[in-house]
1. If we sort A:152-165, A:5-18 on the protection proxy, mean other Cβ atoms within 10 Å, highest first, what's the order?
2. Give a quick list of GluC sites (Glu not before Pro) in segment A:64-144 that DSSP marks as loop, anything other than H, G, I, E or B, with at most 12 other Cβ atoms within 10 Å.
3. If you count, for every residue in B:2-9, the Cβ atoms of partner chains within 10 Å of its Cβ, what is the mean?
4. Looking at the square roots a ≥ b ≥ c of the eigenvalues of the Cα gyration tensor of chain B, which shape do they give, rounded for a/c under 1.5, prolate if a/b is larger than b/c, or oblate?
5. Quick one: plug the Kirkwood hydrodynamic radius of segment B:238-358 (C-alpha pairs) into Stokes-Einstein at 25 °C, 0.890 mPa s, and report D in µm²/s.
6. If you average the C-alpha positions of segment B:151-178 and of segment A:1-40 separately, how far apart do those two centres end up, in angstrom?
7. What is the antiparallel percent of DSSP beta bridges lying wholly in the protein assembly as shown, to the nearest 5?
8. Are any of the pairs A:LYS93/A:LYS129; B:LYS91/B:LYS118; B:LYS190/B:LYS236 more than 28 Å apart by Cα-Cα distance, and if so, which?
Amino acid sequence: MTNVVAQNLTKTYRVGEIEVHALRGVDLKIDAGEFVAIVGPSGSGKSTLFNILGGLTPPTSGTVLIDGRDLIQMSEADRTLLRKTTVGFVFQKYNLLPTLTGGDNIEIARHIAGKNGHERDPQFEETLKLLGIGSRLHHKPRALSGGEQQRIAIARALVNHPALLLADEPTGNLDTENSTAVLSVLQGLNKRLGQTILMITHNPEAAAYADRIVTMRDGRIV
Amino acid sequence: MVFENLKHRPVRTLLSIFAIGVEVTLILTLVGVSRGVLSDMASRSRGTGADILVRAPESAGFSMSYTMPDKLVGFIRAKPHVALATGTYVKSIDSFNSITGIHLDEFNAMSGGLKVNKGRLFQGPDDLVVDEIFAKQHHNLQPGDPIDFGHNWRISGIVEQGKLSRTFADIGRMQELYSGNGLVSAIYIKLDNPANTEAVKAALQGDLPTYKVDSIEEFVSLFSTNSVPYIEAFTKVVIGIAVLIGFLVVCLSMYTAVLERTREIGILKALGASPGYIVGILLRETVMLALVGTAVGIRITYGTRSLLGVFAVSFPQEIVPDWYPRVAAIALAGAIVGALYPGLRAARQDAIEALAYD
């Protein structure tokens with residue numbers, strides 16, 4: 001079953017008088033349960049594709065379906081709902097809320113999705129076990145290592161069971177040991193729990209953990 | 001999250017709470033002083049021991065500015081059930097102070113007597129008797145001290161407060177000094193039985209149809225903020241200023257909070273938080289600041305009462321619990337309006353730009 005379909009996807013930004021063509025007709029299919037890495041140099045359009053697939057910005061033209069829902073037709077409110085229910089984000093800088101503990105960072109994602117923050121389901125318990133962060137949930141981000149923060153960010157991204165996990169340079173701020181741990185976790189989530197993952201990375205070693213590597217250049221997939 | 005956010009910036013949170021507290025204190029102190037002063041005036045009017053008060057026809061509110069012939073005192077004395085009647089002559093010296101000229105013996109007979117704390121009651125023509133509050137307010141006056149109070153007086157004695165006025169002089173000297181020979185400002189009447197008040201009042205009103213004839217209870221009921229238009233207007237102006245302070249403080253505090261939390265707002269948006277959810281967080285923080293600020297403001301009000309008791313003794317401040325809900329609503333309204341612009345700004349923030357913010 002196909003999870004993500006993008007056809008002839010374009011995105012044009014206007015910066016002052018200049019039009020910037022960030023995506024110039026991207027075609028991409030990601031099957032459910034697939035782990036795909038997108039690689040490419042800076043300015044190739046990786047982040048723009050990430051932002052569109054995550055519902056953070058609308059495409060200019062083309063078709064993009066996530067879990068059967070067409071993003072091109074979506075209003076801002078629809079895209080907010082998409083982020084709440086269908087996609088989960090993992091960022092290079094972890095992006096945990098600094099005033100909350102690791103556990104509360106996870107709970108708030110459930111709360112935003114309208115669920116009881118204290119109810120956990122068995123599948124998510126399994127995810128937490130895989131992430132190995134059970135003992136670190138009561139600490140605030142400043143008391144956690146980069147690897148621990150990123151694993152909590154992954155837990156937060158998965159707490160609402162998104163159809164698609166989007167990871168933007170998830171190991172970009174980590175040392176080799178923590179990078180390996182995080183990538184192994186992502187791979188484990190994909191293999192053991194069937195989580196669909198799209199990961200953006202500069203790092204070929206990180207990309208190697210994926211089932212498939214897609215290369216982008218100048219706003220196109222090559 | 002709301003509590004954690006407030007804890008994260010304790011100085012800003014405390015300053016905001018304090019500023020809202022000041023707003024609340026400002027309102028409660030003004031209302032409390034207005035009521036305290038009026039209540040003190042009412043209490044001193046009751047302290048005369050009189051049952052009925054007669055004032056000049058032109059008198060309005062609780063004013064004693066107008067005069068009437070002092071021969072009316074004798075006329076009233078002759079009326080049935082009138083046990084005592086005495087005239088007073090009141091001269092305003094400044095906005096807050098006046099001297100009351102009294103017939104000492106008559107006034108003492110009616111009120112039960114001025115209780116002398118220091119010195120003695122007036123004997124010479126330029127002797128002035130003041131109460132303990134007035135003495136304290138004027139650099140701790142002592143018997144024998146001279147005082148230029150519309151005239152060069154000499155303090156002869158200091159009496160216990162609570163009877164009609166804070167300053168007393170001989171009525172004859174007052175009438176002479178202020179061109180009031182044969183005139184009085186008010187006539188206080190004590191009856192043989194207070195139960196006869198309404199009947200005597202009606203009879204007097206019949207005899208003196210143009211004069212203001214009030215029972216003492218009717219007269220003291222005039223000492224309310226509602227019957228003093230400038231107090232109401234002044235209170236509204238101060239409430240307006242206080243709300244503006246609360247609005248500006250919360251607006252500034254929340255605006256800086258939104259700027260500081262740009263990235264966090266981006267994170268919440270990435271997690272699917274709606275604009276309403278983000279505004280809701282800020283509003284909940286604001287409500288918490290306003291409620292804690294209100295509680296702090298109420299507490300500070302006890303401090304201002306103590307300070308006034310030391311530095312402005314003639315401005316007694318009442319504690320006004322009936323105003324707590326009103327002042328809480330005022331503080332909340334000002335704070336919520338102040339949080340709206342920062343809240344809307346946060347809600348409209350672009351998620352991608354917010355996430356890129358360092």
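Read-outs: derived from the displayed coordinates by stated rules, not from any lab. Computed from a predicted structure; not experimentally measured. No Cβ is skipped: glycine too gets one built from the backbone with ideal geometry, and neighbour counts run over all protein chains shown.
1. So the peptides A:152-165, A:5-18, ranked by packing, come out A:152-165, A:5-18.
2. A:GLU119
3. Going residue by residue through B:2-9 and averaging, the value is 3.
4. Prolate shape, in that a/c is at least 1.5 and a/b is the bigger ratio.
5. 153
6. A separation of 94 Å, based on Cα centres.
7. 65
8. Distance filter (> 28 Å) returns B:LYS190/B:LYS236.
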